[in-house]
Structure formats: structure tokens, C-alpha cells
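**Student:** A single structure is presented below for examination.
Read the figures in this text as sums done on the coordinates, not as results from a lab. The structure displayed is predicted, hence computed values, not measured ones. Every residue, glycine as well, gets a Cβ built from its backbone with ideal geometry; the counts of neighbours run over all protein chains shown.
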Amino acid sequence: MKNIWLLLTKYNAFFLFVVFFGISFVLLVTNNDFQRASTLNSSHSVVGSVYAQFSRWSNYLRLDLANQELLQENARLRKQLYLLQSRDTATVQTVADTTGRPEYTYLSARVINNSIHQKNNYITIDKGRKQGIAKGMGVIGPNGVVGIVLNVSQNFATIQSILHADSRISAALQNSNAFGSLIWGDQYHPKRALLRDIPNHVQVEKGEQVVTSGYSLFPAGIRVGKVLDMQNSGGESFLDIVVELSTDFHNLQYVYVVMNNFGNELQELEASNTTNP
């Protein structure tokens, strides 16, 4: 204790300078919009860089699991390719756009930070504005839907995970195409969610696949999970369906950001509905 007091006495000018400098910096950032925005952008980059370093070590220790997921994903893609090639070209035609441009493109990214046990969970990835990522884009993983891009810096982005109290994703039952809103359930389980607003006359089977409806940020048919259980809600007019999520957020290492090449055009068109009489 005596040594600490002697140290403070000897370098009191330096410590006072640090204290007053810190107070001045906080006041400057708090009361000036430009400085506050610049500080936040810089802090996002610094935090993102720290997350990236930790993620490299963590991912190295989980290479076997990542390889297994990639092999499974390749197997699914090969099966889909085979089915497309084996279809009768005289009866099946696909036209994405008159310019030949695909509707969706995908950008791969590495997960450098992830939370799963909070009420509101977020994911950080190592791609940002420089790579073309923007707020509001959908994000999927090797096994299904992951979430929606929330904030973007130059080289990093944060994702609002499905495991978030405010998440709303349009999802459908694969057998009937009946669609509703997928939300994170009251139990906050990292492998379960609720599919709501499905009319109670719809036939639902346990184990039935739940996929994206195509009415939101995601292409139709992306895996979400499978039906675990169901019960009536809302005066017995609708069903609450418990869904086991296909994405394992415990081991999520790589994701794909979904870029809708016609997204801006679609948003402008739908926005005009509110301005027209």
C-alpha cells in the first residue's frame, strides 16, 4: 500500500493528465455528432479486428467439424444439381431476368463472434461495406437461415440472429405452402423457434420441413427447420408450431450473405403503393 501511494505521489501529474484527458474526450464525443460517429466507426473496426484474431484460433481448433459441414452441403448441392439436370427441358423453363442476371447472388463470410444464450443475440462477420454488404440483407448458413444484417462498417458486419426477440422471418410449411411468421419462442432455446399465423385447418405433420416462403429477404425454399409440435392459439383460429431450427448456432463458422439484385427495384415499387390513391 505504501509503494502504491509513493507511486501516485511521484507521478501525480501524469495521472491527473490521464483523468482530465479522459473526461475531455468523453465530453467531446458526447456533445458533437461528427466526433461521436467517427469514434463509433473506429471502435467497430478495432473490436472487429480483435474478434477476427480470436476467431482464427477458434476456427483452427474446429476444422474437422467445418469440413464435415462443407461435405454435407456439397452433397446437398450435388443432389439438387442432379435433379435439375434430370428434368425434362421441354416442360420446365427458368427465366431469371431478360438481361440474364440472376435474382440472387451470395457472398461467403466467416463468423468471428457469436452469442446464443442472450435474450437478443448477434453475430459478427469478417465482411462489410467494401465487399458489398448492406443493412437488411438476409444471411444463411450451410444448414439453413441464420438472420439479417443489422449494422455494417467498412470491413465487418453484425447480424441480428434468428435467436433475437425482434426477429421476424416469413416461413412456410413445405407440404402445404402455408406461410406465417417465424419468431424466437418464449423459452429462448438456441435450437427452437415458433411459426405463428398458420390457420388451424392446415394439416401439419410432426417432422415436416419448414422453409423460407420467398416473401421476405430470402429466396424460397431455404431450410429453416422441422416441426416438433403444434397447438392452437388466438382463439383457436391459428396454430403455434414449435420448430426445431436446422442451423446449429453453437458451431456456426461460415455464412452466406444473400444479395437480392432486384431488391431496390422491388422496394421502390412496393413503396409506391402507399403514395398512390
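**Student:** Report, by chain and number, residues whose modeled amide H sits under 5 Å from the one on Ile222, excluding near sequence neighbours (fewer than 5 apart, same chain).
**Tutor:** HN-HN under 5 Å from Ile222: Thr212.
**Student:** Moving to a separate point now. Kindly identify segment 160-269 as rounded, prolate or oblate by the Cα gyration tensor criterion: order the square roots of the eigenvalues as a ≥ b ≥ c, call it rounded if a/c is under 1.5, otherwise compare a/b with b/c, prolate if a/b is larger, else oblate.
**Tutor:** The shape class here is oblate.
**Student:** Scan around Tyr254 for amide H atoms under 5 Å from its own, H built in the peptide plane at 1.01 Å from N, and keep only partners 5 or more places away or cross-chain.
**Tutor:** Under 5 Å from the amide H of Tyr254 lie the amide H atoms of Val111, each far enough along the sequence or on another chain.
**Student:** List the trypsin sites (Lys or Arg not before Pro) within segment 198-271 that DSSP assigns to loop and that have no more than 11 neighbouring Cβ atoms inside 10 Å.
**Tutor:** Answer in residue order: Lys206.
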